[in-house]
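S.K.: My questions will all concern the structure given below.
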Amino acid sequence: MAFLGDGGLVFLVVVFAQMMPLQKLAFEKGLTVRVEPHSGRITLSDGRHKAVLALGSSMALFDGKVVRLSGAVRRDAEGIVVPKETALLFRRSENQKKTPKRKFVVVLDAGHGGRFTGAVANALVEKDINLDVVLRVWRLLKDEEDVKLILTRRTDVELDRNWSRDLDARVDVANRANADLFVSVHFNATAGHKTNVSGIEVYVAREEEDVARRLWRALTEAGGSLTRLGELAAAPTSDTAWILHRMLLEEKFRHSLEAARCFVQALRKNDEDSVRGIFARGYRVVKWTRCPAVLLELGYITHPATAQRLKTARYRQKLAELVAEGIKEYIRRRRTEQEQQKSQHTLPSSPSTKGERR
Ligand SMILES: [Zn+2]
């Protein structure tokens, strides 16, 4: 990159990432490697953790979460080379083998709060029932030994007086905590307060181009504090890099969808309200979190019968129990998946690079 300085001088800024051959990394860390030649997708696993890299991209996924590397994965004379700090991802997991299993971090977000009321109808204020249900979920799960719960708020407060920054702050809570699941709790209202619509909806974010750009910017701005992974490098220039980023983000989408299915499965047990389904929409809190994320609309407060039920602690407790069940089911599935990866993994005597063609 060339920048024109104040005095008319041209400064050249070149950022070199320290690279290492993928084969060497795989051998040193005992990783199984899968390279898909057509998509350029590279999957690394030590049997416990999985990293997904993409040729031409410096974004990677580690256990389903986006991390940023100091340089793009590329192919050179030695074969595929990756930024050296990729090894740190797996060194971290080596340490974890000696320590107890990492807790599954769930961020519970009670929508709105403080100056932001959310929907208001039938003498119900959305921010209050959001918080009530979240606190009930928290009470139900707080003693689960391998789950760590983080609440974006515990009282009637906004996270920022600015609406947009308030939403960003919720995303930041999840990203800073390196969360494994983000669950935002809301109640719905119809436009014009029509009273004939009822039902529960589960939302996930569809990963679009702007999500990739936004995540990229978030990672660039936060730098080491977010990724703890080395120096920052220049932004990618080619369109293919963006396509690869999208591919990586699709993995977050897949996990979010799986979480959504767990909630639907649980919430279908509610015989007092129906589940309308899973919807993909670009709600910010689910879009910009690095971890899998869902937003629950647990019923329409504009629907008179639903509103009446929501005024009872009994019904709010029932909803909380179903939400807690959905969370537990998702954790169970992810843990099972990890166990399966672990049992399938055999330490290779030499680096295996299945599917790679030279
Ligand atoms: Zn809301």
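S.K.: Counting only residues that are touching a residue at least 60 places away in the same chain (Cβ under 8 Å), give me the strands (runs of 3 or more DSSP E) lying completely in region 34-149 with at least 3 of them.
M.R.: 50-54, 59-62, 65-68, 79-83, 104-110
S.K.: While we're on this one: Would you check if residue 321 is touching a residue at least 12 places away in the same chain (Cβ under 8 Å) and either among the hydroxyl-bearing types (Ser, Thr, Tyr) or more than 16 Å from the ligand (Cβ to nearest atom) (or both)?
M.R.: Considered against the rule, which asks whether it is touching a residue at least 12 places away in the same chain (Cβ under 8 Å) and either among the hydroxyl-bearing types (Ser, Thr, Tyr) or more than 16 Å from the ligand (Cβ to nearest atom) (or both), residue 321 comes out as yes.
Residues checked against (1) assigned by TED's automatic domain parsing to the domain that holds residue 185; (2) closer than 11 Å to residue 122 by Cβ; (3) over 15 Å from the mean Cα position of the chain (by Cα):
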residue	(1), (2), (3)
275	yes, no, yes
287	yes, no, no
300	yes, yes, yes
308	yes, yes, yes
313	yes, no, yes
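S.K.: I need the full set of residues from region 17-33 which are part of a helix (DSSP H, G or I) and open to solvent by less than 20 Å² (accessible area, probe 1.4 Å), in order please.
M.R.: The answer is 22, 25, 26.
S.K.: Next question. Being open to solvent by less than 20 Å² (accessible area, probe 1.4 Å) and either free of Cβ contacts under 8 Å to residues at least 60 places away in the same chain or within 22 Å of the chain's Cα centre (by Cα) (or both): is that true of residue 159 here?
M.R.: Considered against the rule, which asks whether it is open to solvent by less than 20 Å² (accessible area, probe 1.4 Å) and either free of Cβ contacts under 8 Å to residues at least 60 places away in the same chain or within 22 Å of the chain's Cα centre (by Cα) (or both), residue 159 comes out as no.
S.K.: Which ones in region 172-200 are in contact with a helix residue (DSSP H, G or I) (Cβ under 7 Å, 6 or more places away or on another chain) and open to solvent by less than 20 Å² (accessible area, probe 1.4 Å)?
M.R.: The answer is 175, 181, 182, 183, 184, 185, 187, 200.
S.K.: I'm trying to understand the selection: among the residues of region 114-124, which are more than 15 Å from residue 296 (Cβ to Cβ) and either within 10 Å of the ligand (Cβ to nearest atom) or surrounded by fewer than 17 Cβ atoms within 10 Å (Cβ to Cβ) (or both)?
M.R.: Correct list: 114, 115, 116, 117, 120, 123.
S.K.: Residue by residue through region 161-195, note down the ones that are assigned to a loop (DSSP other than H, G, I, E, B) and more than 16 Å from the ligand (Cβ to nearest atom).
M.R.: Selection gives 161, 162, 177, 178, 179, 180, 194, 195.
Every residue, every condition in (1) among the aromatic types (Phe, Trp, Tyr); (2) under 15 Å from residue 258 (Cβ atoms); (3) touching a residue at least 60 places away in the same chain (Cβ under 8 Å), yes or no:
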| position | (1), (2), (3) |
| --- | --- |
| 299 | no, no, yes |
| 303 | no, no, yes |
| 309 | no, no, no |
| 312 | no, no, no |
| 315 | yes, no, no |
| 342 | no, no, yes |
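S.K.: Among the residues of region 245-301, write down those that are part of a loop (DSSP other than H, G, I, E, B) and either among the polar types (S, T, N, Q) or open to solvent by less than 20 Å² (accessible area, probe 1.4 Å) (or both).
M.R.: If the condition is that a residue be part of a loop (DSSP other than H, G, I, E, B) and either among the polar types (S, T, N, Q) or open to solvent by less than 20 Å² (accessible area, probe 1.4 Å) (or both), then 270, 273, 274, 289, 290, 291, 292, 301 are the ones that fit.
S.K.: For region 105-113, does any single residue satisfy the condition of being within 16 Å of the ligand (Cβ to nearest atom), at pLDDT 85 or above and open to solvent by 40 Å² or more (accessible area, probe 1.4 Å)?
M.R.: So far as region 105-113 goes, yes, one or more of its residues are within 16 Å of the ligand (Cβ to nearest atom), at pLDDT 85 or above and open to solvent by 40 Å² or more (accessible area, probe 1.4 Å).
The values are calculated or read from the model by the stated rules, or taken from the named source; none is laboratory data. Just so you know, these numbers come straight off a predicted model, no measurement behind them. All Cβ positions, glycine included, derive from the backbone under ideal geometry; neighbour counts span all protein chains shown. SASA here: full protein model, heavy atoms, side chains in, ligands and nucleic acids out. Shrake-Rupley method; radii C 1.70, N 1.55, O 1.52, S 1.80 Å.
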